[in-house]
Amino acid sequence: MSAPLIAARGLGIRLDGREILTDVDFEIRPGEIVTVVGPNGSGKSTLLKALIGAVKPSAGRVERAEGLRLGYVPQKLAIDASLPMTVGRFLSLPRRVSAEAIAAALDKAGVPDLANRQMKDLSGGQFQRVLLARALMDRPQTLLLDEPTQGLDQPGSAAFYRRIEEVRSEMGCAVLMVSHDLHVVMAASDRVLCINGHVCCEGTPEIVAGAPEYRALFGSGTKGALALYRHEHSHDHDHSHPHHHHHEADA
Amino acid sequence: MLDDFLVRAALAGVGVALAAAPLGCFVVWRRMAYFGEATAHAAVLGVALALALEVPMLPMILLAALAMASAVSGLTGRGYAADTVLGVLAHSALALGLIAVALLTDTRIDLMAFLFGDILAVSRADLAITWGGALAVLGLTIWRWQALLMATLNPDLARSAGIDPRREEFGLTLALAAVVAVAIKVVGVLLIAALLVIPAAAARPLVRTPEAMAVAAAIIGAVSALAGLWGAFEFDAPAGPSIVCAAAAIFVVTTLLAAVRGR
């Protein structure tokens, strides 16, 4: 097995005196797609921010492969209306790149011909794909996406995840994403990390979906993605478990 | 040529405008207009300190502006909204500064010159300081441009690219303090924020990229400085306010232009 690109070892995070994450051990290796799931406020976004170095650990550490190239898609990116920004210019941050590189990245993200549009004029789906294109500019070895399909409808997010898988096979990069779209996650991930302040369970989608810790958080789907999918939309008379549908933004 | 007070005034005005306008774009993008105001008001305290201690004004103004910046970031988020903190600190600093200047110094100091500027009295030495400061600020802005833009768009995105947004913000604060220090002579404490914000706002409807906005703002700022001076001379009006009025007139024109074009 190849060496991990990023690893968290006994990672703990405190923010404003509140324990957000405790004792998280986690690794991601080349070519893997790993999805982080968990209830609102469970520390998913914080974990991603710790991995990119935006949040300092209060315990443990984050290890990154030497010279690791990261591509990050943040949960929210609100561009102030006073800031004029074409798509092409946005992709030229933080390093200036050629028009060809911009066109190639947009193509890879599935939105060619957007380079001269203003960022504020894009639709939600286009905007997310431009964020993806920017994250791909540096030919990242690891792509980190924080709820990349937020605000997209189901076909939109399904298409987005297909794109991610294609990018993974084209570029061979590892993908780590936070998601609320449980059914899509189960279909598109190699490994799922279920957290709620700590790692509840981890493994292939099938294993995680069957784990009691996971069921305690997400309800009583019987086995695999399909069951989960059905579960979200049909009857479930077993209300002894905490029952969440997570569609709103994670703070 | 520098013997003519009008030429010196024009050069000082253009110099300050060239530094203030690109920086002002960040002030607008980051919604820091009140922060600029607070920094400017703190400068009065710096002036008082410098007069009391009989030391050069520039470092004291920088010091006061930086103290204001750290007070603002220290208090924001502790149960007060940013604009409340700024409202409290900016006006307290101004009031305290005015009292300090009045008490600490002899009455020959012309307070009005600090509040509204005294561009027609710019000396050769003032001119050297103004252009030195302006070029330093312009250099810093250009040097950190990409990193500043990243930090402005999204701090986490910046960090993922290895940029420390706090460091960039500190640079921005330093640059703001420097602009305030050199602009006091030109427009005075009360109108410095206008020189930062109005040219940038006037440039916004004309442009499609951040760089174009900075360049357009610089041109608008410089034109405002010259037009304001001309107006002051022609109509015997106060120079600093005339410069701000010229910028405001350009803002009205570009805004109307944008409305006509249906944007």
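The values are calculated or read from the model by the stated rules, or taken from the named source; none is laboratory data. Keep in mind the model is a prediction, meaning the values are calculated, not measured. Backbone-built Cβ (ideal geometry, glycine too); neighbour counts: all protein chains shown. In case anyone asks, the SASA skips ligands and DNA or RNA and just uses the protein heavy atoms, side chains included. Shrake-Rupley method; radii C 1.70, N 1.55, O 1.52, S 1.80 Å.
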Would you mind checking A:LYS56/A:LYS108; A:LYS76/A:LYS120; A:LYS49/A:LYS108; A:LYS49/A:LYS120 for any pair whose Cα atoms are more than 23 angstrom apart?
A:LYS56/A:LYS108; A:LYS49/A:LYS108; A:LYS49/A:LYS120
Quick calc, A:ALA104 & B:ALA82: beta-carbon distance into FRET formula, R0 45 Å, rounding 0.05, result 0.65
Say we join alpha carbon atoms closer than 10 Å with springs in a Gaussian network model of chain A; which of A:LEU136, A:LEU83, A:LEU152 then has the biggest fluctuation?
A:LEU83
Debye, to nearest 20: dipole size of the protein assembly as shown, +1 on Lys, Arg Cβ, -1 on Asp, Glu Cβ:
520
Vicinal HN-Hα couplings computed from phi for the stretch A:8-14 (Karplus, 6.51 cos²θ - 1.76 cosθ + 1.60; Hz; Gly/Pro x):
10, 10, x, 5, x, 10, 10
Taking the simple approach of a point 7 Å from Cα along Cα-to-Cβ for both A:ALA59 and B:VAL215, what is their distance in nm?
5.5
Sorted by chain and number, the residues with a modelled amide H under 5 Å from that of A:HIS198, at a separation of 5 or more or across chains, are A:THR22
How far, in degrees from 0 to 90, does helix A:99-108 lean away from the longest principal axis of the Cα atoms of chain A, to the nearest 10?
30
Gaussian network model of chain B, Cα springs within a sub-10 Å range: biggest mean-square fluctuation belongs to which of B:LEU149, B:LEU53, B:LEU196?
B:LEU53
Taking amide H positions as placed 1.01 Å from N in the peptide plane, with prolines and chain starts having none, which residues 5 or more places from A:ARG29, or on another chain, fall under 5 Å of its amide H?
A:LEU5
Residue-ordered couplings for the stretch B:151-160, obtained by feeding phi - 60° into the Karplus form 6.51 cos²θ - 1.76 cosθ + 1.60 and rounding to whole Hz (Gly and Pro as x), are 5, 6, 5, 6, x, 5, 4, 4, 4, 5
What residues have an amide H closer than 5 Å to that of A:VAL36, excluding those fewer than 5 places away on the same chain, when H is modeled at 1.01 Å from N in the peptide plane?
A:MET177, A:VAL178, A:SER179, A:LEU193
So how far apart, in nm, are the two label points at B:ALA125 and B:TRP230 if each is 7 Å from Cα heading toward Cβ?
3.3
Given the protein assembly as shown, what percent of its DSSP beta bridges are antiparallel, to the nearest 5?
50
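Can you tell me how the stretch B:5-190 classifies by the Cα gyration tensor, rounded, prolate or oblate, using a/c under 1.5 as the rounded cut?
Values: a/c = 2.32, a/b = 1.33, b/c = 1.75.
Verdict is oblate for the stretch B:5-190.
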Hz values of 3J(HN,Hα) by residue in the stretch B:40-55 - Karplus curve (6.51, -1.76, 1.60), Gly and Pro given as x
5, 5, 4, 4, 4, 4, x, 4, 4, 4, 4, 5, 5, 8, 6, 10
Distance in nm between B:LEU75 and A:GLU165 label points, each 7 Å along Cα→Cβ, equals 5.6
Inter-chain shielding of A:88-95 (mean C-beta neighbours from other protein chains, 10 Å cut-off)
5
Using the crude model of +1 on Lys and Arg Cβ and -1 on Asp and Glu Cβ, and no other charge, please compute the dipole size for the stretch B:5-190 relative to its Cα centre, in debye to 20.
280
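Chain pair B, A: how much accessible area is buried, both chains summed, with a 1.4 Å probe, in Å² to 100? If you can, show how the numbers build up before the last one.
Details: alone 12840 and 11960 Å², together 22580 Å².
Roughly 2200 Å² of accessible surface disappears when B and A pair.
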Here the residues of the stretch B:155-171 whose accessible area is at least 30 Å² smaller with all protein chains than in the chain alone (probe 1.4 Å) are B:ASP156, B:LEU157, B:ARG159, B:SER160
